[in-house]
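Worksheet: the structure to be examined is printed underneath.
The values are calculated or read from the model by the stated rules, or taken from the named source; none is laboratory data. Here the structure is a predicted model, which means the values were calculated and not measured. Cβ placement follows ideal geometry from the backbone for every residue including glycine, while neighbour counts extend to all protein chains displayed.
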Amino acid sequence: MDKSEKIALGLSGFMLLIFFGGIMYAAIAEDIEVPTCITDMEPFATDTLFQTGPDTYELQMVARMWAFQPSEIRLPVGSTVDLYLTSQDIMHGFKIEDHNLNLMAIPGAINYMRVTFDKPGTFLFACHEFCGAAHHTMAGRVIIEERSESAETAGGV
Ligand SMILES: [Cu+2]
């Protein structure tokens, strides 16, 4: 083996260690979660939002051409949402503004991610996967309300 090949292999191995270290740092130190594909749940056709604990909710969200259901979600500040996402037709994308959540909506499959809304405000979500003629209309919003005004509307879809 030529000396330059050994150097290239050594540098490649070193770069792999750097990348692997970066991923481990993100996963452990920064607590970045990786989206999960749920395999033990039947794909659903209708959206559902219900409370599972004092500050926790489960949201089953459906994407289809060209809307998300629900398109508006109201929750009190501090809510943690277990979000399950599926698609009824083709692949769509789903991203919530200012939150670390980015999922694909895949027909016949369910993707899962947990998100916590720790500041009040209105956060848009949109499809980020070009899915056809009205892709640009595929959006909605999450409205996070202060505790005092949201007590009676919590969980409303
Ligand atoms: Cu779409």
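Could you list all residues from the stretch 48-77 that are of a type in the set (V, I, T) and more than 13 Å from the ligand (Cβ to nearest atom)? Within the stretch 48-77, T48, T52, T56, I73, V77 meet the criteria. Looking across the stretch 110-131, the residues that are surrounded by fewer than 20 Cβ atoms within 10 Å (Cβ to Cβ), touching a strand residue (DSSP E or B) at 6+ places or on another chain (Cβ under 8 Å), touching a residue at least 24 places away in the same chain (Cβ under 8 Å) and farther than 16 Å from T36 by Cβ come down to T116, K119, P120, F123, L124, A126, H128, E129. Is there a residue being touching a residue at least 24 places away in the same chain (Cβ under 8 Å) and either in contact with a helix residue (DSSP H, G or I) (Cβ under 6 Å, 6 or more places away or on another chain) or not assigned by TED's automatic domain parsing to the domain that holds G140 (or both) anywhere in the stretch 97-109? No, the stretch 97-109 contains no residue that is touching a residue at least 24 places away in the same chain (Cβ under 8 Å) and either in contact with a helix residue (DSSP H, G or I) (Cβ under 6 Å, 6 or more places away or on another chain) or not assigned by TED's automatic domain parsing to the domain that holds G140 (or both). Scanning the stretch 113-127 for residues that are within 23 Å of Q60 (Cβ to Cβ), more than 8 Å from the ligand (Cβ to nearest atom) and either in a loop (DSSP other than H, G, I, E, B) or not assigned by TED's automatic domain parsing to the domain that holds T86 (or both) returns a single hit, D118.
When A26 is tested against (1) more than 16 Å from the ligand (Cβ to nearest atom); (2) at pLDDT 95 or above, only condition (2) is not met.
Set side by side, the residues A67, A26 differ, and just one is out of contact with any Ser or Thr (no Cβ under 7 Å at 6 or more places or on another chain), surrounded by 12 or more Cβ atoms within 10 Å (Cβ to Cβ) and more than 24 Å from M138 (Cα to Cα), which is A26. Residues that are assigned to a helix (DSSP H, G or I) and either hydrophobic (A, V, I, L, M, F, W, C) or farther than 17 Å from I90 by Cβ (or both) within the stretch 128-148 comprise R147, S148, listed in sequence order.
Can we say P54 is in the same structural domain as L103 (by TED's automatic domain parsing) and touching a residue at least 60 places away in the same chain (Cβ under 8 Å)? It is false that P54 is in the same structural domain as L103 (by TED's automatic domain parsing) and touching a residue at least 60 places away in the same chain (Cβ under 8 Å).
Can you find, within the stretch 73-94, the residue that is surrounded by the fewest Cβ atoms within 10 Å (Cβ to Cβ) among those that are more than 13 Å from the chain's Cα centre (by Cα), of a type outside the set (A, V, I, L, M, F, W, C) and assigned to a strand (DSSP E or B)? Among residues in the stretch 73-94 that are more than 13 Å from the chain's Cα centre (by Cα), of a type outside the set (A, V, I, L, M, F, W, C) and assigned to a strand (DSSP E or B), the one surrounded by the fewest Cβ atoms within 10 Å (Cβ to Cβ) is R74.
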